[in-house]
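Here's the structure we're looking at; comments come further down.
The values are calculated or read from the model by the stated rules, or taken from the named source; none is laboratory data. Here the structure is a predicted model, which is why all the values come from computation and not from measurement. Reconstructed Cβ throughout: ideal geometry from the backbone, glycine too, with neighbour counts over all protein chains shown. Each accessible area value is taken on the protein alone, full model and side chains, heavy atoms only, with ligands, DNA and RNA left out. Shrake-Rupley method; radii C 1.70, N 1.55, O 1.52, S 1.80 Å.
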Amino acid sequence: MLLPRWFAEALLLLLSILACSNAAFIGVNIGTDLTNMPPPSDIVTLLKSQQITHVRLYDANSHMLKAFANTSIEVMVGVTNEEILKIGRFPSAAAAWVNKNVAAYIPSTNITAIAVGSEVLTTIPHVAPILASALNNIHKALVASNLNFKVKVSSPMSMDIMPKPFPPSTSTFSPSWNTTVYQLLQFLKNTGSFFMLNAYPYYGYTTANGIFPLDYALFKQLSPVKQIVDPNTLLHYNSMFDAMVDAAYYSMEALNFSKIPVVVTETGWPSSGGSDEAAATVANAETFNTNLIKRVLNNSGPPSQPDIPINTYIYELYNEDKRSGPVSERNWGILFPNGTSVYPLSLSGGSSSAALNGSSMFCVAKADADDDKLVDGLNWACGQGRANCAAIQPGQPCYLPNDVKSHASFAFNDYYQKMKSAGGTCDFDGTAITTTRDPSKFFSFPLIYVLQ
């Protein structure tokens, strides 16, 4: 017997509300464009050790899907951009894809979402007219396998489809994509799915020509005179991330769609860049991702939708050293290709006193740092930074060797160990760097004093 239409719609709304009421999660994207990709089993072990509950794959790699079996980690698989045309044109191709890449692994592997393409409208616009058909064909294949309530289908969109995202209240989708976006939103509403958004405050900051302060992009508190307020709603935005998410909600509202949850499928910050990418630093990347995690895990939504948490996937797990383009393109990861941490980070919201791979992190002076800058950093750490510098005073245990790099390293590390959980970073005007090497191996002061 067919369910009445009103009952089916009510059921979908209930499922959507229930999905939104769960605690927010931080997931991670796993790209594979690196020289020495760790074995899938090692990746899964790492994720489990950090209590990561959600991951996104850019394809449906069989080795990865097998490795996630019996872990309970929720996996988002991807239909690649190259596969969309065939799947959109032929329902049989969609059915074959679902049977091979989803149904074959459930229930052992906890696949809960399918991302159909990535930024299709802005990267392969010629495929846009068939995107809705691809989404529907994938969904129908899930229905045929009785997986449509377990596995949700959507398509990640770039912020570029909203030409003027600020102020958020006036944001709309680009008129050239209205037909395709409307079809997408109708599909999401009908299936109880979510809007996938790739939101990068890094690009929002670097392309804004100084309109927005860096602290706004990094989730740092702004002074009263610099606070960002939507002039139409008078809503205050404490971060560019929140403003971007709200821009998506208002853009959907402009097409008469509401309460479709936004899931941020990509966001992050590069830890290194070229000479023209000054904002791409380890300090900024650590600050952004640390504060992002705190922001997401407080379970609140953006100002216009405070009751809808912002589930988010960090881009990305590894630096993809084989990627082309600017230097920053190869430095979005929280791990180097060899598995060591780029900077300390806890994706579960706990203490970041250890790096993601479990190694202790220390903050030391760079070998080529300018001595005058080191003196400035040393004075700041021992003064305003409140590092305990008693041990490097004359006659004290860590006074020798009596040179600025040794003393600065002691002070930098004391400050860093005490303050990194509260957002303190290891930068000191570019004169410091984090390392997993025990400082006592290359400085003469004992480790007990480095960590006091």
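Take the residue pairs Lys259/Lys294; Lys140/Lys164; Lys48/Lys373; Lys152/Lys220; Lys322/Lys418 and return only those whose Cα atoms are more than 31 Å apart. Provide the component values of the computation, followed by the final result.
Details: Lys259/Lys294 24 Å; Lys140/Lys164 35 Å; Lys48/Lys373 41 Å; Lys152/Lys220 34 Å; Lys322/Lys418 36 Å.
Long pairs (Cα-Cα over 31 Å): Lys140/Lys164; Lys48/Lys373; Lys152/Lys220; Lys322/Lys418.
Considering the convex hull of the alpha carbon atoms of region 50-94, report its projected area averaged over all viewing directions, in nm², one decimal.
Details: hull surface 15.6 nm².
Answer in nm², one decimal: 3.9.
Taking a ≥ b ≥ c as the square roots of the Cα gyration tensor eigenvalues, with a/c under 1.5 meaning rounded and otherwise prolate when a/b beats b/c, else oblate, which class fits region 362-435?
Since a/c reaches 1.5 but b/c is at least a/b, the shape of region 362-435 is classed as oblate.
The residue among Phe90, His126, Ala113 whose Cα reaches farthest toward the positive pole of the charge dipole of region 86-162, with charges on the beta-carbon of Lys, Arg, Asp and Glu, is Phe90. Considering only Gly192, Pro306, Phe362, and ranking their Cα positions along the charge dipole of the chain that arises from unit charges at the beta-carbon of Lys, Arg, Asp and Glu, the one farthest toward the positive end is Gly192. With the cut-off at under 20 Å, measuring from each backbone N in region 217-243 to a point 7 Å along the Cα-to-Cβ line of Asn291 picks out 217-230, 235-243. Classify the chain as rounded, prolate or oblate, taking a ≥ b ≥ c as the square roots of the eigenvalues of its Cα gyration tensor: rounded when a/c is under 1.5, otherwise prolate if a/b is larger than b/c and oblate if not. Prolate is the answer for the chain, as a/c is 1.5 or above and a/b outweighs b/c.
In the context of the full set of protein chains, region 23-335 has a per residue accessible area of 40 Å² (1.4 Å probe). Normalised per residue, the accessible area of region 362-435 is 47 Å², obtained with a 1.4 Å probe and no contribution from ligands, DNA or RNA. Note on Ser258 and Lys66: with the Förster distance fixed at 35 Å, the Cβ-Cβ geometry gives a FRET efficiency of about 0.30. Using θ = phi - 60° in the Karplus curve 6.51 cos²θ - 1.76 cosθ + 1.60, the 3J(HN,Hα) couplings for region 125-130 round to x, 5, 8, 3, x, 9 Hz; x is entered for Gly and Pro.
Measuring r between the beta carbons of Val327 and His236 and using R0 = 22 Å, the FRET efficiency lands at 0.05. About its Cα centre, region 23-335 has a charge dipole of approximately 800 debye under the convention of +1 per Lys or Arg Cβ and -1 per Asp or Glu Cβ, with nothing else charged.
Taking only protein heavy atoms and a 1.4 Å probe, the accessible area of the chain is 54% carbon and sulfur.
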